[in-house]
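Engineer: Pasting a structure below so you can have a look.
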Amino acid sequence: MKNTKRNLKINGKLTLWAASILLILFFIYTMLQYFLVQNWIMVHEKSSLQKRMDEVVAYIQESDSAENISERQKYLKVLNEQDQMIRLVREDGHVVFTITDGIPKKWVPATFMTRSELIEKKITNETVLIYRKPLTVGEFQGTVEIIRNVEGFDSLIDQLLALVVSTGVVAILLSFVGGRIIAFQLLKPINTMIQSLKQIKGEGIDKRLPISEQKDEISELGIVFNDLMTDIEKSFIQQKQFVEDASHELKTPLSVIHGHLSLIKRWGKEDPQVLERSIELSLNETNRLIRLVSELVILSRVDETPSVSKSLTSEELTGIFQNIVENFKLLHKDASFSINCTFKNHFRVNISKNHLEQVVVILLDNAIKYSKEEKNVSISLLTANDRLVIEVKDVGVGIPEEELPHVMDRFYRVDKARSRKHGGSGLGLSIANVLLTQYKGTLEIDSVFNEWTKVSISIPLIKSE
């Protein structure tokens, strides 16, 4: 049974649950109605019996003496009803008179009572109500008994029970039909969504689910799914572009190396100049491959959550930049660097020293690569709006305005030929941007083509507690 239930589809489960709930509600309602009707009829019968007893006692008490009591039975015969017996019992247990219509006298033995009593009793599979009430007329002490057969009431209850059972059978069928309809209506938008998903699977991830005008949970699910598909499509396009660009970047140096090795194999071994030149060029391309692979590894790791063991102070920042500039001066003796620090107060910034050095090296390296003959690079460090702002500006080839939105894309280069000449792979700014994003930092680029380029990065300062 459990396995069958597990294998049911949502449609079957909804039908089963809806039918069960409807059936349970109907059963509770009908049984409640049955017991209420049964109780109401019994209460009505007892109330009617009490009124009849009051009439009988009042009529008997109108007698002048005990001797005249027996004469009252003529009227009581008219007052008596079908399936009812009226009996007067004297104090010594002697029956003064008995008026009956359909009830055997032996069903209920005559009993003298000093207090009123109303009981329900089962006699020969029939239900009777027995009401006894004391009576005093002069010196006469007795008890009036009224016994009423409520078998007609039982017959009505049995018919009502049969009606409940028969309607219950119909209710089972109607419950399953109603459950099926409810399940269909509830699952209709989901089935539509499934068909749309199958269409998306067959036609491509650029398709989207149709969103109904009803603002319900299903439409919200469709909106979330469409947003997710948009993100997936964007990531897929970026990944595809990344793979294509990476393949292209790796293919060129590998082709060059393969060509030189083929040249050496054919006849380069006999010519020292050709051999030396081919080995030199192959080594250059190998170095390019090593740098490219290293940058790809860095780019794949920077998405990990950074761990900052120690924040940097304003004094440490100044020292870091001085060391970086000193190293660049050794590598680029024809370049000039200027550092301008305008820190007014001491502060701390939450960023890894290694990551900050990596970002700054990328920016300075680009500034040197794309400078003109005069390689003048200026570095500004300042604080503004509770953020550390670092600006690196060069007087170089600049970037066309239409290219600015794409310069941080992976493998993107404004001048591919010139970038290849300088050994660029188009990954530097992408790495810097991803690193800064981890620390809630930003990277912005401003440039005038053939004049200058300024790269600005900002990192939130640590607020004093």
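The values are calculated or read from the model by the stated rules, or taken from the named source; none is laboratory data. Please read these numbers as outputs of a predicted model, since none were measured by experiment. Methodologically, a virtual Cβ is constructed for each residue, glycine included, from the backbone with ideal geometry; neighbour enumeration extends over all protein chains shown. Keep in mind that these areas ignore ligands, DNA and RNA; they rest on the heavy atoms of the full protein, side chains included. Shrake-Rupley method; radii C 1.70, N 1.55, O 1.52, S 1.80 Å.
Engineer: Filtering the stretch 136-146 down to residues that are surrounded by 14 or more Cβ atoms within 10 Å (Cβ to Cβ) and β-branched (Val, Ile, Thr), which residue is modelled with the lowest pLDDT?
Structural biologist: In this case the residue turns out to be Val137.
Engineer: In the stretch 182-222, how many are part of a helix (DSSP H, G or I), in contact with a Ser or Thr (Cβ under 9 Å, 6 or more places away or on another chain) and of a type outside the set (S, T, N, Q)?
Structural biologist: Within the stretch 182-222, residues that are part of a helix (DSSP H, G or I), in contact with a Ser or Thr (Cβ under 9 Å, 6 or more places away or on another chain) and of a type outside the set (S, T, N, Q) number 6.
Engineer: Cβ-Cβ distance below 8 Å, separation of 6 or more or different chains: which pairs start in the stretch 109-120 with a residue that is touching a residue at least 24 places away in the same chain (Cβ under 8 Å) and end on one that is part of a loop (DSSP other than H, G, I, E, B)?
Structural biologist: Ala110/Gly93; Thr111/Gly93; Phe112/Glu91; Phe112/Asp92; Phe112/Gly93
Engineer: What are the residues in the stretch 326-363 that are of a type in the set (A, V, I, L, M, F, W, C), touching a Ser or Thr at 6+ places or on another chain (Cβ under 9 Å) and not in a strand (DSSP E or B), if any?
Structural biologist: Phe343, Phe347, Ile351
Engineer: Here's something else I'd like to know. Could you please tell me which pairs satisfy a Cβ distance under 7 Å, a separation of 6+ or placement on different chains, a first residue in the stretch 206-229 that is more than 13 Å from Ile190 (Cβ to Cβ), and a second residue that is assigned to a helix (DSSP H, G or I) and open to solvent by 60 Å² or more (accessible area, probe 1.4 Å)?
Structural biologist: Lys207/Gln199; Ile211/Ile223
Engineer: When only residues in the stretch 28-67 that are basic (Lys, Arg) and either outside any helix (DSSP H, G or I) or open to solvent by 60 Å² or more (accessible area, probe 1.4 Å) (or both) count, which is farthest from Asn149 (Cα to Cα)?
Structural biologist: Applying the filter and picking the extreme gives Lys51.
Engineer: Right, another one. Regarding Thr124, is this residue over 18 Å from Ile60 (Cβ atoms), surrounded by fewer than 14 Cβ atoms within 10 Å (Cβ to Cβ) and hydroxyl-bearing (Ser, Thr, Tyr)?
Structural biologist: For Thr124, the condition - over 18 Å from Ile60 (Cβ atoms), surrounded by fewer than 14 Cβ atoms within 10 Å (Cβ to Cβ) and hydroxyl-bearing (Ser, Thr, Tyr) - is met.
Engineer: Taking Glu403, is it open to solvent by 50 Å² or more (accessible area, probe 1.4 Å) and either farther than 14 Å from Trp452 by Cβ or among the aromatic types (Phe, Trp, Tyr) (or both)?
Structural biologist: no
Engineer: Taking the stated definitions as given, is Glu71 among the charged types (D, E, K, R) and part of a strand (DSSP E or B)?
Structural biologist: So Glu71 fails the test.
Here's the yes/no breakdown for (1) open to solvent by less than 50 Å² (accessible area, probe 1.4 Å); (2) over 23 Å from Glu62 (Cα atoms):
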{"site": "Gly102", "(1), (2)": "no, yes"}
{"site": "Leu129", "(1), (2)": "yes, yes"}
{"site": "Pro134", "(1), (2)": "yes, no"}
{"site": "Arg148", "(1), (2)": "yes, yes"}
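Engineer: Checking the structure you have, find out if any residue of the stretch 388-409 is closer than 27 Å to Val293 by Cβ and in a helix (DSSP H, G or I).
Structural biologist: Yes; the residues of the stretch 388-409 include at least one that is closer than 27 Å to Val293 by Cβ and in a helix (DSSP H, G or I).
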